[in-house]
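Enquirer: Shown below is the structure under consideration.
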Amino acid sequence: MSKKIGVIGAGVMGKGVAQRFAKFGYEVILLDLNEELLKLAKAEIVRNLKMLNMFEKNFEVEEISNLISTTVAYADLAEVDYIVENVPEVQEVKEKVYFELEKYCKEDCIYMANTSCIPITLIGSFTNRASKIIGVHFMNPVPIKNFSEVIRGIYTSEETIVNTKELLNSINISVEIINDSAGFVSNRLSHLFMNEAAFLVYEGIATAEQIDNIFKQGFGHKMGPLETADLIGIDTVLDSLKILYDQYEDSKFKACPLIKRMVEARMLGRKNGKGFYTY
């Protein structure tokens, strides 16, 4: 019998995760705070599938869309086999989500935390099933990125690791399994790049376009650090830097004032049309 997937959070990552699993035939339940937000999320998933189908032409959009149901009630997740949590990178928010999940999810349900920086062992402490908590850092955009960074917490069981790897491989995602650390590998490195690039703009050394072009033309990166920040969301970048600074107490993670001002001005990147670039 096919596994059921619960996806918490209908933002950029949650929509991508739901779409990816549904495209590979999994039944998905997408949960968020209100029906209007979920309606918009489902409509965007359908649009994305239609666009993808223009290039692939090997699947039925309606058939995949019908595999994704939406809900605002945690009780509707009682029978799912896996949870993928994608809520904002704020510890208190995540703690409330796992408190609700523990009320309803069955004992053998595995929690996959799609977190940017919060340690997996810490997330496990919000539950009574630390052995079934694992970090799965999906890459954005999820529907087309075939790789995930997978993080084992101190108490994550070998069975959880094996089951998670098999699940991800079944949706054509390869993995690297690493040990727990705030920010893991990808975000400890990428957020240093993004933060320092923001300082270069803040200090008037170079424009965002120049910095990103140096990374693309000079280093062969597909995206520059500030294009990446806009894709992730400037608010998410700031939240992640705060966590990294708190965890390591190292000044290299202290957020650039420009990033703080951008968040205050609601210049959040692609999600609302204005960040380091205008969309």
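Enquirer: Relative contact order for the chain: what is it in percent, counting Cα pairs under 8 Å that are at least 6 residues apart?
Expert: With pairs under 8 Å counted, the relative contact order is 13 percent.
Enquirer: What distance in nm lies between label points placed 7 Å from Cα along the C-beta direction at K39 and Q210?
Expert: Result: 4.8 nm between the two label points.
Enquirer: Follow-up question, since we're still on this one. Radius of gyration and Dmax for the chain's Cα atoms, expressed in Å?
Expert: Reported Rg and Dmax, both Å: 18.6, 58.
Enquirer: Tell me the GluC sites (Glu not before Pro) within the stretch 58-87 that lie in a loop according to DSSP and have at most 16 other beta-carbon atoms within 10 Å.
Expert: Values: sites: E60, E62, E63, E79, E85; in loops: E60, E79.
Answer in residue order: E60, E79.
Enquirer: Connecting C-alpha atoms closer than 10 Å in a GNM of the chain, tell me which of A265, A198, A255 has the biggest fluctuation.
Expert: Of A265, A198, A255, the most mobile in the Gaussian network model is A265.
Enquirer: What does DSSP give for the stretch 141-279 in terms of the percent of beta bridges that are antiparallel, rounded to the nearest 5?
Expert: Rounded to the nearest five, the antiparallel share is 25 percent.
Enquirer: Something else about it: Taking only the alpha-carbon atoms of the stretch 191-253, what semi-axes of the equivalent ellipsoid follow from 5 times the gyration tensor eigenvalues under a square root, in whole Å, largest first?
Expert: Three semi-axes, in Å: 21, 13, 10.
Enquirer: What do you get for Rg/Rh of the stretch 11-76 when both radii come from the Cα atoms and Rh is the Kirkwood radius?
Expert: Working: Rg = 11.6 Å, Rh = 12.0 Å.
Ratio value, two decimals: 0.97.
Enquirer: Looking at the calculated P(r) for the stretch 159-279, what percent of the C-alpha pair distances fall above 19 Å?
Expert: Roughly 54 percent, once rounded to a whole number.
Enquirer: Per residue and in Å³, how big is the convex hull formed by the alpha-carbon atoms of the stretch 85-231?
Expert: With only Cα atoms used, the stretch 85-231 gives 117 Å³ per residue.
Enquirer: Calculate one ³J(HN,Hα) per residue across the stretch 201-215 by plugging θ = phi - 60° into the Karplus curve 6.51 cos²θ - 1.76 cosθ + 1.60, and present them in order as whole Hz with x for glycine and proline.
Expert: Each residue of the stretch 201-215 in turn: 5, 4, 8, x, 6, 7, 7, 4, 4, 5, 4, 5, 5, 4, 5 Hz.
Enquirer: Could you tell me which trypsin sites (Lys or Arg not before Pro) in the stretch 97-191 are loop residues by DSSP with no more than 11 other beta carbons within 10 angstrom of their beta carbon?
Expert: On the way: sites: K103, K106, R129, K132, K145, R152, K165, R188; in loops: K106, R129, K145.
Taking the stretch 97-191 and a limit of 11 other Cβ atoms within 10 Å, the loop trypsin sites (Lys or Arg not before Pro) found are K106.
Enquirer: So if each residue of separation counts as 0.36 nm, and I subtract the Cα-Cα distance between D246 and S186, what length gain in nm does that give?
Expert: Taking 0.36 nm per residue and subtracting the Cα distance, the gain is 19.8 nm.
Enquirer: I've got another one for you. Amide H neighbours of V7 under 5 Å, counting only residues 5+ apart in sequence or on other chains, H built in-plane at 1.01 Å?
Expert: I29, L30, L31, V84
Enquirer: When only DSSP loop residues count, what GluC sites (Glu not before Pro) in the stretch 170-275 have their Cβ near at most 12 other Cβ atoms within 10 Å?
Expert: Counting only loop positions with at most 12 other Cβ atoms within 10 Å, the GluC sites (Glu not before Pro) in the stretch 170-275 are E203, E249.
Enquirer: Binning at 10 angstrom from zero up to the longest distance, how are the C-alpha pair distances of the stretch 1-155 distributed in percent?
Expert: 11, 43, 35, 10, 1
Enquirer: Still on this structure, please answer the following. May I ask you to give the percent of accessible area on the stretch 191-279 that is carbon plus sulfur, with a probe radius of 1.4 Å?
Expert: Answer for the stretch 191-279 is 52 percent, counting heavy atoms of protein chains only.
Enquirer: Applying the Karplus parametrisation 6.51 cos²θ - 1.76 cosθ + 1.60 with θ = phi - 60° to the phi angles of the stretch 235-240, what ³J(HN,Hα) value in whole Hz is obtained for each residue in order, glycine and proline being reported as x?
Expert: Calculated HN-Hα couplings, in order: 5, 5, 4, 5, 4, 5 Hz.
Enquirer: So what's the angle, to the nearest 10 degrees on a 0 to 90 scale, between helix 158-170 and the longest Cα principal axis of the chain?
Expert: Between the helix axis and the principal axis of the chain, the angle is about 80 degrees.
Enquirer: Okay, moving on. Kindly point out, ordered by number, any Cys in the chain whose beta-carbon has no other cysteine beta-carbon under 4.7 Å away.
Expert: Result for the chain is C117, C256, no neighbouring Cys Cβ within the cutoff.
The values are calculated or read from the model by the stated rules, or taken from the named source; none is laboratory data. Keep in mind it's a predicted model, so treat the numbers as computed, not measured. Backbone-built Cβ (ideal geometry, glycine too); neighbour counts: all protein chains shown. The accessibility values were calculated without ligands, DNA or RNA, using every heavy atom of the protein model including side chains. Shrake-Rupley method; radii C 1.70, N 1.55, O 1.52, S 1.80 Å.
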